[in-house]
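The values are calculated or read from the model by the stated rules, or taken from the named source; none is laboratory data. Just so it is clear, the model here is predicted, and its values are computed rather than measured. Using ideal geometry, Cβ is built from the backbone for each residue, glycine included, and neighbour counts are taken over all protein chains shown.
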Amino acid sequence: MPDAPDLPAALQRIVIIGATSMIAEHCARLWVEGARLDGDPCALVLVGRDAARLERVAADLRVRNPGAGVEVRTVDFADRQAIRFLVDAIVRGGAPRQVLIAHGMLPDQAACQRDLDAACEALEVNGLSPVLFAEAFAGHMEAKGGVITVIGSVAGDRGRRSNYVYGAAKGLVARYVEGMQHRLAGSGSPLRVVLVKPGPTATPMTAHLPPRGLAPVDAVACRIVQGSQAGTAVVYAPGKWALIMAVIRHLPAAVFNRMDI
Amino acid sequence: MVRVSSWGRLDSHEHELVALADRAAVARQIAHCAAGAAGAPAGLAQGNARSYGDVCLNPGGRLWRTAGLDRFIAFDPDSGRLRCEAGVLLRDVQRMSLAHGWLLAVTPGTQLVTVGGAIANDVHGKNHHVLGSFGDHVLGLRLARTDGTVIDCGPDRETAWFAATVGGMGLTGVIVDAELQLRRVAGPWLVTDTIPYRNLDEFFHLADSSEAGWEQTVSWIDCLSSPGRGLFFRANPAHRPGPAPGPQPGHRVNGRPHHPLDRQPWRLPLAPPLSLVNGLSLRVFNAAYFWAGSRNAGPAVAHFERYSYPLDKLSDWNRVYGPRGFYQYQSVVPRAGGRAAVQAMLAAIRASGQGSFLAVLKTFGQREGQGMMSFPRPGVTLALDFPNRGATTLRLFERLDAIVREAGGRLYAAKDARMPRDLFEAGYPRLAEFLHYRDPGISSSMSRRLMGS
């Protein structure tokens with residue numbers, strides 16, 4: 001990656017949208033601890049809805065790396081103008097090398113079928129909002145380079161009765177990122193956009209599920225940090241989901257529709 | 001509802017899992033649970049579920065999982081005082097603090113337990129005679145109760161609540177966060193010494209003569225040998241930062257921050273259909289281990305993680321005991337009569353043909369724990385794993401119980417899944433006092449078994 005001209009050469013400015021999400025928090029830990037062990041400077045911008053919770057995450061990261069600069073900002077994820085304003089302000093403070101877009105919520109599928117407002121909100125938070133962040137950052141980073149990592153989901157690979165509202169939103173993210181990747185490849189931009197598709201992960205969002213079937217959050221974070229570093233276009237986390245979803249995507253409807261998944 | 005078992009894998013039961021992830025919300029979250037309709041199921045905090053028996057289980061009820069309460073709050077590298085949430089693993093504390101020249105003063109034989117769990121079981125380590133147990137290094141903690149209140153207690157404030165909560169098995173409330181006093185170290189290295197012993201007299205002589213000069217003492221005992229042979233291990237922190245292999249700048253393993261020991265732990269891929277620990281394998285293993293230890297006896301230098309937590313490198317090692325799981329039986333008996341009691345227990349184990357490779361014999365120092373229900377007390381402690389063979393194993397435990405009872409000893413709740421109530425009451429004379437501090441909205445399988453609710 002070329003150095004951003006307005007930053008000290010080694011400064012790793014990292015922006016995390018949805019920083020109180022457990023997956024994002026574990027990625028942040030890997031980045032700040034990695035910088036400490038490597039003796040690199042490190043600056044983070046944590047973006048979320050709840051200032052108090054963001055401050056708790058920031059305090060933890062400062063203990064893990066006392067040299068890290070950690071800044072906290074709040075935003076309404078559904079407000080397009082606020083997104084634009086916030087992204088511009090962050091970039092004015094120094095061009096980011098790494099952006100992680102990780103916010104989202106797991107909606108209640110049945111509630112979304114009954115209540116269009118709930119469906120709309122789930123589509124906005126999980127689908128529209130992440131790609132608007134990605135688009136806003138890409139505009140600033142296209143010339144200088146860097147990495148934008150967007151968290152999608154295996155749920156976006158094929159619609160299923162148990163969570164197709166969430167799946168559709170994540171599917172939107174996947175198509176959008178695919179398009180951005182195509183555009184950047186065509187223009188020769190040094191910017192990389194990475195789409196991560198985690199399988200079910202052990203987080204508070206999935207606390208009610210049997211822990212055996214869930215991937216440990218630190219392992220998922222590890223895949224995200226690695227994939228971002230390498231600029232991989234699509235990262236399944238854990239990797240086995242690439243295979244599982246390849247099968248699921250190719251199942252004929254006659255078979256798929258009989259499956260209770 | 002989700003089936004959950006503890007480390008011993010004796011059985012599994014349905015639990016309703018609730019994640020605690022926001023420390024500001026814990027009091028509200030658990031109060032909300034308790035305030036349900038009359039007869040609402042009681043809850044219980046669960047950390048990393050490394051307790052062997054039923055102290056961390058609440059069948060049919062709620063488990064408040066603290067894995068998401070894993071944030072550091074503040075660390076002062078000058079004083080070594082750390083504030084952190086209760087779900088932080090001891091491993092993560094030490095990996096953070098070592099860079100500043102601090103480690104935890106007291107840790108058990110695994111780092112994969114949470115700070116909250118270490119307090120609730122007032123865990124001890126190999127250095128008990130010098131540094132006491134985990135609770136001796138807790139400067140304060142915040143306890144959320146199901147009536148919605150939060151109690152800030154410590155050795156200097158709300159001392160009764162503190163004494164009830166240290167070693168209190170999670171029954172006084174949910175530990176939300178804690179402040180710990182860490183201990184200065186020059187580096188991660190230990191100067192170690194291994195000495196084979198041929199009988200219990202030699203063990204006690206080694207233990208007593210090592211207390212003054214060695215901070216850590218412990219021994220492995222061959223539970224099948226009749227004189228009680230074993231290997232005595234003693235260690236001190238090295239005074240120099242030592243032969244540190246250290247992280248090479250720019251190098252990382254698997255994208256994680258590089259750590260010299262941070263390899264993926266080896267994992268037993270699936271539970272074998274029957275216990276791999278049986279009479280034959282045990283005889284072979286014990287003989288080989290004693291022989292190898294005797295050959296490699298003498299002084300050495302070791303990294304503290306490798307030396308102190310060897311099994312942490314073997315994830316899911318508890319599966320070797322097969323689908324029926326295993327018990328651990330850990331007792332402490334006073335030194336007066338302690339030698340005879342240990343000898344009698346070993347004889348009973350040998351006669352039963354049970355037991356396992358994991359057999360630990362250690363003397364405790366002359367100090368009681370901070371907690372009303374703390375396990376460590378002056379005396380000698382014997383800990384053994386036993387593959388679950390049903391009634392045969394339980395009959396052996398009854399014989400061991402009789403020896404412990406007779407010697408005036410006690411069993412360790414963190415390991416227990418079956419002790420009789422009278423032995424519990426006899427072993428823990430402050431039980432009646434402790435019961436005043438219980439949270440009525442909290443209950444465990446163990447508390448129902450041993451305290452009636």
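Data for the structure
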{"quantity": "Close pairs from the range B:24-49: first under 17 Å from B:LEU171 (Cβ atoms) and outside the structural domain of B:GLU14 (by TED's automatic domain parsing), partner at pLDDT below 60 and exposed (fewer than 15 other Cβ atoms within 10 Å of the Cβ), Cβ under 9 Å, at least 6 apart", "calculated": "none"}
{"quantity": "Hits in the range B:85-100 (condition: under 18 Å from A:ARG56 (Cβ atoms) and at the interface with another protein chain (Cβ under 8 Å from one of its Cβ atoms))", "calculated": "B:MET96"}
{"quantity": "Matching helices (runs of 4 or more DSSP H) fully within the range B:100-200 where at least 3 residues are in contact with a Ser or Thr (Cβ under 9 Å, 6 or more places away or on another chain) and buried (at least 19 other Cβ atoms within 10 Å of the Cβ)", "calculated": "B:115-120, B:159-165"}
{"quantity": "Within the range A:201-220, considering residues that are more than 9 Å from every other protein chain (Cβ to nearest Cβ) and touching a residue at least 24 places away in the same chain (Cβ under 8 Å), the one farthest from A:VAL177 (Cα to Cα)", "calculated": "A:THR201"}
{"quantity": "Among (1) modelled with pLDDT of 90 or more; (2) assigned to a loop (DSSP other than H, G, I, E, B) - the single one A:VAL193 does not satisfy", "calculated": "(2)"}
{"quantity": "Scope the range B:406-453; condition buried (at least 19 other Cβ atoms within 10 Å of the Cβ) and more than 30 Å from B:VAL150 (Cα to Cα); matching residues", "calculated": "B:ALA407, B:GLY409, B:ARG410, B:LEU411, B:ALA417, B:MET419, B:LEU423, B:GLY427"}
{"quantity": "Residue within the range A:23-32 that is facing chain B (nearest Cβ under 7 Å), basic (Lys, Arg) and part of a helix (DSSP H, G or I) present", "calculated": "no"}
{"quantity": "Some residue of the range A:162-184 being free of Cβ contacts under 8 Å to residues at least 60 places away in the same chain, among the hydroxyl-bearing types (Ser, Thr, Tyr), in contact with a strand residue (DSSP E or B) (Cβ under 9 Å, 6 or more places away or on another chain) and surrounded by 16 or more Cβ atoms within 10 Å (Cβ to Cβ)", "calculated": "yes"}
{"quantity": "Where B:ASP78 falls short, out of the listed (1) free of Cβ contacts under 8 Å to residues at least 24 places away in the same chain; (2) assigned to a loop (DSSP other than H, G, I, E, B); (3) more than 14 Å from chain A (Cβ to nearest Cβ)", "calculated": "(3)"}
{"quantity": "Sole residue being among the charged types (D, E, K, R) and under 18 Å from the mean Cα position of the chain (by Cα), chosen from A:ARG161, A:ARG183, A:ARG223", "calculated": "A:ARG223"}
{"quantity": "Test: residue in the range B:43-57 that is at pLDDT 95 or above, more than 11 Å from every other protein chain (Cβ to nearest Cβ) and farther than 25 Å from B:LEU411 by Cβ", "calculated": "yes"}
{"quantity": "Members of the range A:50-73 found to be surrounded by 15 or more Cβ atoms within 10 Å (Cβ to Cβ), within 24 Å of A:LEU132 (Cβ to Cβ) and not aliphatic (A, V, I, L, M), listed by number", "calculated": "A:ARG53, A:GLU71, A:ARG73"}
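Condition check ((1) touching a Pro at 6+ places or on another chain (Cβ under 9 Å); (2) modelled with pLDDT under 95; (3) of a type outside the set (A, V, I, L, M, F, W, C)) across all residues:
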| residue | (1), (2), (3) |
| --- | --- |
| B:ARG389 | no, yes, yes |
| B:ILE403 | no, no, no |
| B:GLU406 | no, no, yes |
| B:ALA413 | no, no, no |
| B:ASP416 | no, no, yes |
| B:ARG421 | no, no, yes |
| B:TYR428 | no, no, yes |
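For every residue, the table says whether it meets (1) modelled with pLDDT of 95 or more; (2) small (Gly, Ala, Ser).
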residue	(1), (2)
A:LEU209	no, no
A:VAL225	yes, no
A:GLY239	no, yes
A:MET245	no, no
